[in-house]
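Below is one structure; the comments refer to it alone.
The values are calculated or read from the model by the stated rules, or taken from the named source; none is laboratory data. All figures in this text were calculated on a predicted structure; none of them were measured in a lab. Backbone-built Cβ (ideal geometry, glycine too); neighbour counts: all protein chains shown. In case anyone asks, the SASA skips ligands and DNA or RNA and just uses the protein heavy atoms, side chains included. Shrake-Rupley method; radii C 1.70, N 1.55, O 1.52, S 1.80 Å.
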Amino acid sequence: MSVIDPGDLHPFEAAPPAPVPSKETLAAAGDILRALAAPVRIAIVLQLRESERCVHELVGALGVTQPLISQHLRVLKAAGVVRGERTGREVLYRLVDDHLAHIVVDAVAHAEEGQKP
């Protein structure tokens, strides 16, 4: 891979194109972003970033109903964002990996910066 010296580019000369992932990879990334595109699901990811949680803990932390939390967890699970593990009568949910938490944390930080006077 060669390094381009910024001094070699003319002001109106286009930079070389960035590599484009496969269509399958782009579609999967779109599915993940759509799954994260709801305020309650963002809040769930932020909660699970701290530690694994069961549904009733998410209900208490977020102040929304159990059916709504369960519905959003189903969307997140189908997109591969969270996974659940049954322990007795409860299912503990956790994030599949930290990449997803970074996406949400960065989006929230960006939104908060836009709200500052």
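Summary of values
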item: Of all residues in region 1-48 being among the small types (Gly, Ala, Ser) and part of a helix (DSSP H, G or I), the one that is modelled with the highest pLDDT; result: Ala43
item: Boolean, Val108 is β-branched (Val, Ile, Thr) and not in a helix (DSSP H, G or I); result: no
item: Residues being modelled with pLDDT of 95 or more and small (Gly, Ala, Ser) - total across region 79-117; result: 1
item: Qualifying positions in region 17-27 - open to solvent by 80 Å² or more (accessible area, probe 1.4 Å) and either more than 29 Å from Ala79 (Cα to Cα) or of a type outside the set (Asp, Glu) (or both); result: Pro17, Pro19, Val20, Lys23, Leu26
item: Residue tally, condition under 16 Å from Ala37 (Cα atoms) and out of contact with any helix residue (DSSP H, G or I) (no Cβ under 6 Å at 6 or more places or on another chain), over region 100-117; result: 10
